[in-house]
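Note sheet for the following structure.
The values are calculated or read from the model by the stated rules, or taken from the named source; none is laboratory data. Please read all numbers here as calculations on a predicted model, not as lab measurements. Every residue, glycine among them, receives a Cβ derived from its backbone with ideal geometry; neighbour counts consider all protein chains shown.
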Amino acid sequence: MKSDSRLSSVLHALLHMAEQDQPMTSGALADCLSTNPVVVRRTMGLLRDAGLVTSDRGHAGGWRIAADLSRVTLLHLHEALGEPAIFAIGNRNERPECLVEQAVNAALADAISEAEAVLLERFAHVTLADLATDFARRHAQQRRTRKV
């Protein structure tokens, strides 16, 4: 099963957008993410539906963050993306007749469920503002290092 990198991509795009004083086009965001503008539009559309971004058409148009960075958590974004599976681990067969496989499925399901709950709880406490602050710190440190 292929991993779903949309949350990571959305975070990357939103942090680029937060640094801009103007809207960013799907093309510009696609360049930042090394992807296709259609992928950006489709993903940003989900965030627009959740009220997290807005879009304007025309020459000066593009995507803009519509929410307070300190109020948007990773959990909000995960939910806006349709709550994709957290882990790519799964059962070999969802309805096995074999009792061994039933025991394996039960053990895996319990462990995955517990791990997912811990991760989602953490997502609820990390905001876009936290990530923007970390980026600013890293950027300042890089500038200081380059000057030396």
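What to note about this one:
- Residue pairs whose Cβ atoms lie under 8 Å apart, sitting 6 or more positions apart in sequence or on different chains, and linking a residue in the stretch 50-66 that is assigned to a loop (DSSP other than H, G, I, E, B) to a partner that is of a type in the set (S, T, Y) and surrounded by 14 or more Cβ atoms within 10 Å (Cβ to Cβ), are G61/T25; G61/S55; A66/T54.
- Every condition in (1) surrounded by 17 or more Cβ atoms within 10 Å (Cβ to Cβ); (2) out of contact with any Asp or Glu (no Cβ under 9 Å at 6 or more places or on another chain) holds for D21 except the one numbered (1).
- Scan of the stretch 124-138 for residues that are surrounded by 11 or more Cβ atoms within 10 Å (Cβ to Cβ) and either part of a helix (DSSP H, G or I) or at pLDDT below 90 (or both), ordered by number: L128, A129, D130, L131, A132, T133, D134, F135, A136
- Residue among V38, V53 that is over 11 Å from the mean Cα position of the chain (by Cα) and surrounded by 17 or more Cβ atoms within 10 Å (Cβ to Cβ): V53
- Filter result for R144 (charged (D, E, K, R) and either touching a residue at least 40 places away in the same chain (Cβ under 8 Å) or exposed (fewer than 11 other Cβ atoms within 10 Å of the Cβ) (or both)): yes
- Exclusive hit being closer than 30 Å to D31 by Cα, in contact with an Asp or Glu (Cβ under 7 Å, 6 or more places away or on another chain) and of a type outside the set (G, A, S), set I86, I65: I86
- Selection from the stretch 69-90 of residues that are in contact (Cβ under 8 Å) with a residue 40 or more places away in the chain and assigned to a loop (DSSP other than H, G, I, E, B): L69, S70, R71, V72, L81, P84, A85, A88, G90
- Residues (surrounded by 13 or more Cβ atoms within 10 Å (Cβ to Cβ) and either in contact (Cβ under 8 Å) with a residue 40 or more places away in the chain or within 30 Å of L74 (Cα to Cα) (or both)) located in the stretch 91-102: N91
- Restricting the stretch 103-118 to residues that are surrounded by 15 or more Cβ atoms within 10 Å (Cβ to Cβ) and either of a type in the set (A, V, I, L, M, F, W, C) or within 20 Å of H78 (Cα to Cα) (or both), the residue that is farthest from the chain's Cα centre (by Cα): V104
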